[in-house]
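Colleague: This is the structure I want to talk about, given as structure tokens.
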Amino acid sequence: MINVNKIQFKDNTDRYGHLTPIEGGSDIPFDIQRVYYISDVEEGVRRGFHSHRRLKQILICVHGKVKILVKTPAQEEIITLDSASQGLYIAEMIWREMYDFEDGAVLLVLASDHYSEDDYIRDYEQYEQEAKEYFGGGDCG
Ligand code: T46
């Protein structure tokens, strides 16, 4: 889907467990300016409901499982994140919702910029309007 893709990180697995390195400059298509994580999300809770105007992010479910709905005016996809060695790259102008957090799931996010509420579009109608201008029909297939 446009502005969204999965990234497979190197997974060093041995009998002592897993180790997943993520290196700036090679594994991540932007300079990491911020890291945050979402945890202890109760059953039935749905988060997100917004898009970013400029921010690019990579979501990694480092423990457990979570579903991510990504959406443009013309496309929609549901992606399950259940591997600590897999990232979901979401670039600008993508509506997202995160739900079905498994008990104990931890969603780590790498972001291309510092937190700025001005970069959020939290109203879906406003999002549709701005996204149609941004994609200009280029998100149709
Ligand atoms: C996103 C998804 C995947 C901060 O103070 N600093 C921060 O860096 C962030 C991300 C949030 N906040 C504050 C703003 C709110 O008062 O934390 C509170 C919860 O944020 P929000 O409701 O935006 O959380 P989610 O889970 O809906 O969305 C978050 C990110 O905000 C967003 O960028 O793409 O995770």
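The values are calculated or read from the model by the stated rules, or taken from the named source; none is laboratory data. This structure is a prediction, so every number in the text was calculated from the model and none was measured. All Cβ positions, even for glycine, are placed from backbone atoms using ideal geometry, and neighbour counts span all protein chains on display. Protein only, heavy atoms only, side chains kept; ligands, DNA and RNA dropped before computing areas. Shrake-Rupley method; radii C 1.70, N 1.55, O 1.52, S 1.80 Å.
Colleague: Restricting the stretch 68-93 to residues that are open to solvent by less than 40 Å² (accessible area, probe 1.4 Å) and in contact with a Gly (Cβ under 9 Å, 6 or more places away or on another chain), which is modelled with the lowest pLDDT?
Modeller: Ranking the qualifying residues of the stretch 68-93, first place goes to 75.
Colleague: Something else: If only one of 45, 41 is of a type in the set (Val, Ile, Thr) and over 27 Å from residue 9 (Cα atoms), which one is it? Give the derivation first.
Modeller: Values: 41 fails: over 27 Å from residue 9 (Cα atoms).
45 is the lone residue from the list that is of a type in the set (Val, Ile, Thr) and over 27 Å from residue 9 (Cα atoms).
Colleague: Please work out which one of (1) in contact with a Ser or Thr (Cβ under 9 Å, 6 or more places away or on another chain); (2) closer than 22 Å to residue 9 by Cα; (3) not basic (Lys, Arg) is the condition residue 77 fails and give its number.
Modeller: All conditions are met except number (1).
Colleague: Right, here's the next one. From (1) basic (Lys, Arg); (2) in a strand (DSSP E or B); (3) open to solvent by 70 Å² or more (accessible area, probe 1.4 Å), pick out the condition that doesn't hold for residue 96.
Modeller: Result: residue 96 passes all but (3).
Colleague: From the list 116, 112, 26, pick out the single residue that is within 10 Å of the ligand (Cβ to nearest atom), of a type in the set (S, T, N, Q) and either under 30 Å from residue 136 (Cα atoms) or at pLDDT below 95 (or both).
Modeller: Of the residues listed, the single one that is within 10 Å of the ligand (Cβ to nearest atom), of a type in the set (S, T, N, Q) and either under 30 Å from residue 136 (Cα atoms) or at pLDDT below 95 (or both) is 116.
Colleague: Now for a different question. Being in a strand (DSSP E or B), more than 11 Å from the ligand (Cβ to nearest atom) and over 15 Å from residue 37 (Cα atoms) is the filter here, so list the residues in the stretch 70-88 that pass it.
Modeller: Selection gives 71, 76, 77, 78, 79, 80, 86.
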